[in-house]
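A short worksheet on the structure shown next.
The values are calculated or read from the model by the stated rules, or taken from the named source; none is laboratory data. Everything quoted here is computed from the prediction, not taken from an experiment. Backbone-built Cβ (ideal geometry, glycine too); neighbour counts: all protein chains shown. Keep in mind that these areas ignore ligands, DNA and RNA; they rest on the heavy atoms of the full protein, side chains included. Shrake-Rupley method; radii C 1.70, N 1.55, O 1.52, S 1.80 Å.
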Amino acid sequence: MPDPVNPTPPPHTTTTTSTGLPSNVAAALACIPLIGGLIFYILEKQDRFVRFYAMQSIIFGGIWFLFNMVSWIIRSIFWAIPVAGPIFAGLWFFLAALIHLGLLVIMIIAMIKAFSGVLWDIPYVGPMARKQIGEA
């Protein structure tokens, strides 16, 4: 029976990374799209848990960045349309805001899972990250 006073930690919380942080904290910080992922992917060479979350963050952040660029172009095109353009641009702005909210929720879920010590794949992104770090 598990001890309620001293529960056993999740699988990735006790090891220390080369950054000096516990594995779960480093992985949660690595979930910050692009910047956190790049920093921890460069600094961490041994802990595959942190490297997975860092690579997943790099890919996810890249997708988020590309969405922003495409969204900006679409909004610019809509604004150039006479009369109905502002209506289309407003509708696109609303849709883009919903997509951004969804991406933010996915990022927060990944951070919580990483901090909990759970290896969680973002749909479509996780398998790409595994392939990049050699865990196919």
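Just give me the residues in the range 43-56 being within 17 Å of Lys131 (Cα to Cα), hydrophobic (A, V, I, L, M, F, W, C) and either open to solvent by 40 Å² or more (accessible area, probe 1.4 Å) or in contact (Cβ under 8 Å) with a residue 40 or more places away in the chain (or both), in sequence order. Talk me through it step by step, then tell me what you get.
At the first step, the residues of the range 43-56 found to be within 17 Å of Lys131 (Cα to Cα) are 45-56.
This time we only want the ones that are hydrophobic (A, V, I, L, M, F, W, C), so: 49-50, 52, 54-55.
Residues satisfying the conditions are Phe49, Phe52, Met55.
Looking at the structure I just gave you, is Ile59 assigned to a helix (DSSP H, G or I), surrounded by 13 or more Cβ atoms within 10 Å (Cβ to Cβ) and modelled with pLDDT of 95 or more?
Numbers: assigned to a helix (DSSP H, G or I): yes; surrounded by 13 or more Cβ atoms within 10 Å (Cβ to Cβ): yes; modelled with pLDDT of 95 or more: yes.
Here the answer is yes, as Ile59 does meet what is asked.
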Go through (1) β-branched (Val, Ile, Thr); (2) surrounded by 15 or more Cβ atoms within 10 Å (Cβ to Cβ); (3) in a helix (DSSP H, G or I) one by one and return the number of the condition Ile87 breaks. (2)
State all residues of the range 90-131 that are open to solvent by 70 Å² or more (accessible area, probe 1.4 Å) and either part of a loop (DSSP other than H, G, I, E, B) or among the charged types (D, E, K, R) (or both); if no residue qualifies, say none. Lys113, Leu119, Pro123, Tyr124, Lys131
Cβ pairs under 7 Å, 6+ apart or interchain, first in the range 96-110 and in contact (Cβ under 8 Å) with a residue 40 or more places away in the chain and within 16 Å of Pro123 (Cα to Cα), second small (Gly, Ala, Ser) and assigned to a helix (DSSP H, G or I), ordered by first then second residue, are none
